[in-house]
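Structure record follows, encoded as structure tokens.
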Amino acid sequence: MNSFEGKVAVITGGAHGIGRAVADAFIREGASVHIIDLRPGDWFTGDISDRETLERFAQEVIAKSGHVDFLINNALPLMKGIRDCSWEDFTYALTVGVTAPFYLTKLLLPAFAPGAAVINISSSRDRMSQPQTESYTAAKGGIAALTHALAVSLAGKVRVNSISPGWIDTTDSDITGPDALQQPAGRVGKPEDIAEMALFLCSDKAGFITGENICIDGGMTKLMIYHGDHGWEYVPQGSC
């Protein structure tokens with residue numbers, strides 16, 4: 001344990017859900033952790049869609065720790081569909097989901113230590129969709145593409161990868177029945193499933209991995225579905 005002793009991790013949206021699990025995992029491994037989140041608490045409280053807030057957060061991280069080893073861009077974009085999503089809503093989702101991760105990476109770039117790593121949290125929705133999810137899906141697709149662009153631009157200085165979670169239960173519920181069984185893995189995911197991959201991708205064991213998007217979804221995106229298969233029947237949705 002304590003394999004990240006002396007390392008510094010920065011996590012957006014780290015107060016709950018996947019972000020909290022990632023923060024706890026890094027703390028367990030000995031890292032110092034800086035969190036920014038909308039929720040008030042014992043961390044930097046602020047909205048990452050605001051440029052000045054990001055700048056103040058980056059300045060505080062560097063002032064307190066001097067360097068950064070790991071950046072995990074995890075903050076959750078807004079999910080609204082084409083029926084109800086306004087210009088402002090869509091712009092906000094892209095700002096939280098794509099612009100802020102780009103800008104925070106840029107702000108911290110001078111402080112990244114040798115062997116540094118950036119992990120962007122995308123979603124299996126970067127490759128598949130449900131109706132009325134355009135703002136979230138666009139943001140997650142954007143950060144998945146941003147990942148390989150940054151990996152190429154930062155080659156030799158920072159490794160950049162993304163994780164695309166599938167259904168991750170952040171409520172600590174005991175989900176059974178069809179919701180669990182429809183997953184090829186036989187269960188719904190847990191935040192810890194994502195946290196452990198983040199640890200691996202930040203470790204020296206993943207030193208030859210950069211520019212990749214790793215989908216952790218219990219196999220759901222690999223499950224082919226046909227009308228009448230396993231009792232499932234297709235019912236067309238309305239257009240909007």
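Read the figures in this text as sums done on the coordinates, not as results from a lab. Bear in mind the structure is a predicted one, so any value in this text is a computation, not a measurement. Glycine gets a Cβ as well: all are built from the backbone with ideal geometry, and neighbour counts include every protein chain shown.
Worth a mention:
- Highest mean first, the peptides 141-153, 224-236 sorted by other C-beta atoms within 10 Å per residue fall in the order 141-153, 224-236.
- Normalised contact order of region 8-231, rounded percent, pairs of Cα under 8 Å and 6 or more residues apart: 20
- Rotationally averaged projected area of the chain (alpha carbon convex hull; nm²): 14.0
- All lysines inside 25 Å of K157 as judged from Cα atoms, apart from same-chain residues fewer than 8 positions distant: K7, K64, K106, K140, K205
- For V10, the residues whose modelled amide H falls within less than 5 Å of its own, excluding neighbours fewer than 5 places apart on the same chain, are H34, F70, L71, I72.
- Region 177-195-region 205-236 distance, computed between alpha-carbon centres (Å): 12
- Dividing the summed -39500 (n - 2.57) terms of all DSSP H runs of n ≥ 4 by the residue count of the chain sets its mean residue ellipticity at 222 nm at -10000 deg cm²/dmol.
- Listed residues G30, C215, G115: farthest to the positive end of the dipole of the chain (Cβ charges): G115
- DSSP H segments from the chain that extend 20 Å or more along their own axis, Cα-based, with Kyte-Doolittle mean of 0.0 or above: 134-153
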